[in-house]
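Colleague: Pasting a structure below so you can have a look.
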Ligand code: CO
């Protein structure tokens, strides 16, 4: 009997063998180069795997996932991923993907003390505060949670547009386009919520000017 972790390794052997049987160059091609066209910023939730739900293969999507798909401008991890994807991999599209039934969003709507998670969920409480009137008009529970999931995705797309990484790329190369999507755990469908094409106007005070030396 294999342990659950051993099972992962066994599955991996079968998977690798199947890939090779289908395409003998599969690994040698990927090992030499990755040219993903997309950066995916999604939730860590195990039910929302980027490649699987988009029918894409290894090599096609660069991925950053965290609890509740946040774009926090002091998160060095996120910023390093964004910088690499935009300026080195030259992705054409950055997609923030939230999902209905998100535990992080649900937790942020409560008063529960969750230790260090409080610091992360605080960003969602801020999104709630921006939209409190609209949210309070909805019935407490699932409906309010789902709307906050959508508003949170939109806010994170705006957070991307506020970064100098995105603004510089927009000015110089007219890419990447920013997208906000939400995924339904119940039906497996990705729903587009908003798109900010490269070069979209930046909200007043958040706009940076660049000179050629930067
Ligand atoms: Co989630």
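Colleague: Answer yes or no as to whether residue 196 is in contact with a helix residue (DSSP H, G or I) (Cβ under 7 Å, 6 or more places away or on another chain), modelled with pLDDT of 95 or more and under 30 Å from residue 110 (Cβ atoms). Steps first, answer last, please.
Modeller: Working: in contact with a helix residue (DSSP H, G or I) (Cβ under 7 Å, 6 or more places away or on another chain): yes; modelled with pLDDT of 95 or more: yes; under 30 Å from residue 110 (Cβ atoms): no.
It is false that residue 196 is in contact with a helix residue (DSSP H, G or I) (Cβ under 7 Å, 6 or more places away or on another chain), modelled with pLDDT of 95 or more and under 30 Å from residue 110 (Cβ atoms).
Colleague: Next up: Could you please find all residues in the range 35-47 being within 15 Å of the ligand (Cβ to nearest atom) and either loosely packed, with under 15 Cβ neighbours inside 10 Å or under 11 Å from the mean Cα position of the chain (by Cα) (or both)?
Modeller: Correct list: 40, 41, 42, 43, 44, 46, 47.
Colleague: Using the structure shown, decide if residue 97 is part of a strand (DSSP E or B), within 17 Å of residue 181 (Cβ to Cβ) and modelled with pLDDT of 95 or more.
Modeller: In short, yes.
Colleague: What residue, among those in the range 48-69 that are assigned to a loop (DSSP other than H, G, I, E, B) and over 15 Å from residue 181 (Cβ atoms), is nearest to the ligand (Cβ to nearest atom)?
Modeller: 67
Colleague: Here is a further query. Filter the range 76-102 down to the residues that are closer than 22 Å to residue 48 by Cα and loosely packed, with under 13 Cβ neighbours inside 10 Å and list them by number.
Modeller: 77
Colleague: Among the listed residues 143, 154, which satisfies the condition of being in a helix (DSSP H, G or I), free of Cβ contacts under 8 Å to residues at least 60 places away in the same chain and buried (at least 18 other Cβ atoms within 10 Å of the Cβ)?
Modeller: 154
Colleague: In contact with a strand residue (DSSP E or B) (Cβ under 8 Å, 6 or more places away or on another chain), assigned to a helix (DSSP H, G or I) and either farther than 30 Å from residue 199 by Cβ or within 16 Å of the ligand (Cβ to nearest atom) (or both), is that true of residue 78?
Modeller: Details: in contact with a strand residue (DSSP E or B) (Cβ under 8 Å, 6 or more places away or on another chain): yes; assigned to a helix (DSSP H, G or I): yes; either farther than 30 Å from residue 199 by Cβ or within 16 Å of the ligand (Cβ to nearest atom) (or both): yes.
Judged against the criteria, residue 78 is a match.
Colleague: Taking the criterion of being within 19 Å of the chain's Cα centre (by Cα) and either modelled with pLDDT under 95 or more than 23 Å from residue 191 (Cα to Cα) (or both), would at least one residue in the range 125-143 satisfy it?
Modeller: Yes, that holds for at least one residue.
Colleague: To continue, here is another question. Quick check: is even one residue across the range 88-99 within 16 Å of the ligand (Cβ to nearest atom) and more than 29 Å from residue 168 (Cα to Cα)?
Modeller: yes
Colleague: Give me the pairs: first residue in the range 102-113 and farther than 15 Å from residue 141 by Cβ, second residue within 10 Å of the ligand (Cβ to nearest atom), beta-carbon distance under 8 Å, and six or more apart or on different chains, which are they?
Modeller: If the second residue must be within 10 Å of the ligand (Cβ to nearest atom), the pairs left are 104/43; 104/67; 104/68.
The values are calculated or read from the model by the stated rules, or taken from the named source; none is laboratory data. Computed from a predicted model, the values in this text were never measured in an experiment. Virtual Cβ from ideal backbone geometry, glycine too; neighbours counted across all protein chains shown.
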